[in-house]
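To keep things clear, I will list the structure first and then write my remarks on it.
The values are calculated or read from the model by the stated rules, or taken from the named source; none is laboratory data. This one's a predicted model, so the numbers in the text were calculated from it and none came from an experiment. Ideal geometry is used to build each Cβ from the backbone, glycine not excepted, and the neighbour counts take in all protein chains shown. SASA here: full protein model, heavy atoms, side chains in, ligands and nucleic acids out. Shrake-Rupley method; radii C 1.70, N 1.55, O 1.52, S 1.80 Å.
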Amino acid sequence: MRLKLELKLVEGTTLPCNYMYELSSCLYKILNEGNPEFTSWLHDSGFCKGKKAFKLFTFSNLYIPRFQIEGDRLRILAHAIRLIVSFYPIEAIDAFVIGLFRNRRIEIGDRKSRVMFEVSTLERMPEPEFVSRMSFKTLSPLFLEEQFSDSRRTVHLQPEDPKFAALLHLNLLEKYRAFYGQEPESSWPETRLHLLSVPKAKIIALKAGTLQETRVKGYMFRFELEGQPELLRLGYDGGFGRLNSQGFGCVEVMVLC
């Protein structure tokens with residue numbers, strides 16, 4: 001399920017440039033109003049496979065038509081902005097999620113600056129047809145990292161790295177196992193990645209200005225995937241790569257002429 005929210009500016013004009021953690025917290029708070037047990041599960045557990053948990057929920061960057069950067073602040077110069085929120089299909093949540101977002105106010109920010117928005121329009125977006133070859137454009141940075149079992153060292157991978165496509169495929173398989181509780185079909189092909197643009201790195205600070213601050217390097221780019229349609233749907237609805245519930249890996253389908 002994918003929702004497009006048009007947000008009208010009500011109060012304040014300035015956000016932190018690194019607003020993804022604050023936006024994620026705001027969305028969890030909204031969901032908690034409708035079904036606390038569901039949100040507690042979504043936040044703490046999600047779909048589990050071994051020690052890994054996947055939320056299968058993601059959201060886009062805020063689309064702000066006009067803005068100005070002032071140090072670590074983002075000043076909004078437009079009257080309205082747009083946000084995409086996407087869930088991997090779970091029939092039980094559709095109705096209450098749509099109801100929670102309709103005609104409500106959303107407050108985003110940190111201790112230094114906050115902005116209040118009102119949801120002026122809410123649209124449930126149609127599901128695209130999923131086929132074995134599709135093109136996508138990132139709406140938020142796509143993040144993958146290589147973890148080394150013999151140490152705590154990790155490497156944030158760039159899409160040009162040959163390991164990037166392999167880890168993208170493995171991540172989709174793990175999400176499939178966690179959601180469905182079964183192994184993917186052995187006949188499914190490996191997901192292949194073809195870049196359609198030069199990836200642009202974007203470093204995001206999560207919990208900026210705190211002792212828990214973490215910097216994550218993701219990438220904005222256009223790409224084509226060849227693979228099993230079920231896995232491409234999983235990535236489209238729930239997010240590609242890692243940290244999806246914190247706003248990474250949200251994409252839209254591109255129609256190439």
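Any idea what diffusion coefficient region 132-257 gets from Stokes-Einstein, in µm²/s, Kirkwood Rh on alpha carbon pairs, 37 °C, 0.692 mPa s?
Here the translational diffusion coefficient equals 216 µm²/s.
With a cut-off of 13 Å, note down the residues of region 223-257 whose backbone N falls inside the zone around a label point 7 Å from the Cα of Thr214 toward its beta carbon.
Residues passing the 13 Å test: 242-248.
Take the solvent-accessible surface of the protein heavy atoms, probe 1.4 Å, and return the percent of it on the chain that carbon and sulfur atoms account for.
The computed percentage sits at 48.
Given the -39500 (n - 2.57) contribution per DSSP H run of 4+ residues, what per-residue ellipticity at 222 nm results for the chain, rounded to the nearest 500 deg cm²/dmol?
Helix-only estimate at 222 nm: -7500 deg cm²/dmol.
Between Glu129 and Tyr63, what is the label-point separation in nm under the 7 Å Cα-to-beta-carbon projection?
2.4
With all protein chains present and a 1.4 Å probe, how do Arg153, Arg222 order by accessible area, largest first?
Arg153, Arg222
Counting other Cβ atoms within 10 Å of each Cβ, which GluC sites (Glu not before Pro) in region 121-171 have at most 10 and sit in a DSSP loop?
Answer by residue number: Glu129.
Rg (Å, one decimal) plus Dmax (Å, integer) for the alpha carbons of the chain?
18.0, 54
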